[in-house]
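See structure below.
The values are calculated or read from the model by the stated rules, or taken from the named source; none is laboratory data. All figures in this text were calculated on a predicted structure; none of them were measured in a lab. Every residue, glycine among them, receives a Cβ derived from its backbone with ideal geometry; neighbour counts consider all protein chains shown.
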């Protein structure tokens, strides 16, 4: 079956702009988690969506938001981009994101803010 | 403050050597997962350990979960160039309340280079 698909793969934006990233989970998976990966901080949890509801949120400013659609596809949005938002954004899908649940990652979207 | 500390951060070894990567925390995890990530790709799950003291083997890779479920190690025997990559440990913790609120918290990773 198809894996997790993230689009676009690469993106260059200017400071102050906003950006929307997309994640299509594995068919049948209802949980989508988003992570930001930078060389200095590693992978940091942004938020998780399950059945169209945000269930958990990491320690990021309100400029970072997301949503999930009825088909489990998820989008994340970053408004008023800053240089420090340059990172690899990864999404992971799981069947339910319960205890000991395996997470499958997409290839990520490389965002560069100039 | 990083919840999970991985060491070493960088490791460059010759093909055929053995190595161990460590993942330490003061927190208890319900499970611990190890991933490998190659440049330009997302992390790929290698193994999940759940029980304190558990040891799992995946060909030349041996994973161990500490007795107290706070730390883990990854040992690679006779490393090959194909083992090159970023190795990430991730501990599963309960966010908020409710049975379905487990999330992964990651270490910063160990970047391994195996030289032919």
Tally of residues being modelled with pLDDT under 95, over 16 Å from the mean Cα position of the chain (by Cα) and either within 8 Å of chain B (Cβ to nearest Cβ) or part of a strand (DSSP E or B) (or both) across segment A:65-114: 6
Selected residue (criterion: surrounded by the fewest Cβ atoms within 10 Å (Cβ to Cβ)) from residues of segment B:21-37 that are within 10 Å of chain A (Cβ to nearest Cβ) and either more than 10 Å from the chain's Cα centre (by Cα) or outside any strand (DSSP E or B) (or both): B:30
Filter pass, residue B:74 being outside any loop (DSSP other than H, G, I, E, B), surrounded by fewer than 21 Cβ atoms within 10 Å (Cβ to Cβ) and away from every other protein chain (no Cβ under 11 Å): no
Enumeration of residues in segment A:80-92 that are crowded, with 18+ Cβ neighbours inside 10 Å and farther than 15 Å from residue B:41 by Cα: A:81, A:85
Any hit, segment A:34-49, residues being touching a strand residue (DSSP E or B) at 6+ places or on another chain (Cβ under 9 Å), more than 11 Å from chain B (Cβ to nearest Cβ) and surrounded by fewer than 15 Cβ atoms within 10 Å (Cβ to Cβ): no
Members of segment A:40-66 that are in contact (Cβ under 8 Å) with a residue 12 or more places away in the chain and more than 18 Å from residue B:92 (Cα to Cα): A:51, A:52, A:53, A:54, A:60, A:63, A:64, A:65, A:66
Selected residue (criterion: surrounded by the fewest Cβ atoms within 10 Å (Cβ to Cβ)) from residues of segment B:91-116 that are more than 8 Å from chain A (Cβ to nearest Cβ) and within 17 Å of residue B:44 (Cα to Cα): B:111
Checklist (1) surrounded by fewer than 15 Cβ atoms within 10 Å (Cβ to Cβ); (2) touching a helix residue (DSSP H, G or I) at 6+ places or on another chain (Cβ under 6 Å) applied to residue A:28, failing item: (2)
